[in-house]
Amino acid sequence: MKKHIIILVFLTTLLNLIRCNKKTEKKSSDNNRREIQMINPNDILMTLPTIENIIPETNQDQKETLNLEILEDDWRQLEFISREFLELIKKEIDSINLIIKNESVNVGDEMTAFKKLHVRTSIPKPLKNGIEWMEFEKEFSSIKTGTLSFNQYGRINHGIYMEVSDFNLYALLQDSKITTLGFYGLSSWDKLDTFKTEIKKIMNQHNLVLVDWKARMILETDGIDDYLNPNK
């Protein structure tokens, strides 16, 4: 694992240049001259209020036919966490609330950006004791597995993608145990009832909550029905 802080801006490389006290250059269209253009760091906005501090390393191994490709920014934004970490979850959400309260900027079209973001650091291993992969896999009536990758950086080390009743889950495996379990949307609502029944069972068996960091929500099993509602 490597520590990697993701800065969510439209041009990430600009921020790196600014940190190095360098200048960006722009070609003049009329005479091919290079003009120096200074960037004010205060003008750079983040697209999310929070990110996870640690992301997994990647490799250039070939991806399987069934592959889930996600943005680094979306890593662990919607995830299952051991209930034992509930107080830490609440503290992280308090910090996100401060960002939204004090650092939000309206950028038009009902969109919000942020002058700063909160980097989550307190729960590096969200499933405290892990879940045995063989045990986990057997709990689902419909499951297909494939590779997990970041859109620009390749296949995620020890990552696995699971298509479960048309819902997308992903995980990190260590010594045949799931140590991180994320949720990444769905392709169809057709098997919603099956998925909800089975994921609630997993949550109860392993004492988990589902945390939506962007929405600042902590979901117990009794909140899953309302959260996964196609009419909302």
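Accessible area per residue (1.4 Å probe, heavy atoms of protein chains only) ranks D74, D94 as D94, D74, with the largest value leading. Note on the range 141-232: Lys pairs 8 or more places apart or on different chains, Cα atoms under 24 Å apart, count 17. Extending 7 Å from the Cα toward the beta-carbon at both S104 and Q152 defines two label points whose distance is 2.8 nm. Solvent exposure of the range 57-211 amounts to 51 Å² per residue of accessible area, where only protein heavy atoms count and the probe is 1.4 Å. Stretching the chain fully between E135 and L86 yields a gain of 15.2 nm (0.36 nm per residue, less the alpha carbon separation).
Expressed as a whole percent, the accessible surface of the range 42-90 that belongs to carbon and sulfur atoms is 46, based on a 1.4 Å probe.
Assuming R0 = 22 Å, can you tell me the calculated FRET efficiency for the pair T65 and K191, based on Cβ-Cβ distance, to the nearest 0.05? Plugging the Cβ-Cβ distance into 1/(1 + (r/R0)^6) gives 0.55.
Figure note: M203, M46, M134 ranked by solvent-accessible area, largest first, 1.4 Å probe, ligands and nucleic acids not counted: M134, M46, M203. For the range 99-129, the list of trypsin sites (Lys or Arg not before Pro) that fall in a loop by DSSP and count at most 16 other C-beta atoms within 10 angstrom reads K115, K116, K128. With a Förster radius of 30 Å applied to the beta-carbon distance between N204 and N231, the computed FRET efficiency rounds to 0.75.
The values are calculated or read from the model by the stated rules, or taken from the named source; none is laboratory data. Every value quoted in this text rests on a predicted model; they were computed, and no experiment measured them. Ideal geometry is used to build each Cβ from the backbone, glycine not excepted, and the neighbour counts take in all protein chains shown. Accessible surface is based on the protein model in full, side chains and every heavy atom, while ligands, DNA and RNA are left aside. Shrake-Rupley method; radii C 1.70, N 1.55, O 1.52, S 1.80 Å.
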